[in-house]
């Protein structure tokens, strides 16, 4: 793996004090950087969440949009978002993280 495969890549590159940014990529171009860098974390092993605890989530129920607060996350066989009284699967077609997106989806479903 290379530096570009690490979650810290952008930060390390930002604080690199070489001649220019291309020097960073050339200098740190080894194929086995994970064995050389104690901070290496493979990007493929991390999940970027679409929201954080405390954010609002919107659920389409019939012709209504219900607002909830994100209370947490659960990872088992599926990744779920914990809302006030249920835990839908992340990526469910009725789950949105902005009112505008939920309203747009509801309008498209209604044929408006």
query: Taking only DSSP H segments of four or more residues, each worth -39500 (n - 2.57), what value at 222 nm results for the chain once the sum is divided by all its residues, to the nearest 500 deg cm²/dmol?
result: -6500 deg cm²/dmol
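What is the diffusion coefficient of the chain in µm²/s, taking the Kirkwood radius over Cα pairs and the Stokes-Einstein relation at 10 °C with a viscosity of 1.306 mPa s? Mind dumping the intermediate values first?
Numbers: Rh = 17.2 Å.
Estimated via Stokes-Einstein, D reaches 92 µm²/s.
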- line: Helix 99-110 sits off the longest principal axis of the Cα atoms of the chain, rounded to the nearest 10 on a 0 to 90 degree scale, by 50
query: With the chain treated as a Gaussian network of Cα nodes joined by springs under 10 Å, which of 77, 41, 67 yields the largest mean-square fluctuation?
result: 77
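Take every Cα pair under 8 Å in the chain that's 6+ residues apart, average their separations, divide by the length, and report that relative contact order as a whole percent.
On the way: 138 pairs, mean separation 21.9, N = 112.
Value for the chain: 20 percent.
Computed from the coordinates by the stated procedures, all read-outs in this text should not be read as laboratory data. Because the structure is a prediction, the values reported are computed rather than measured.
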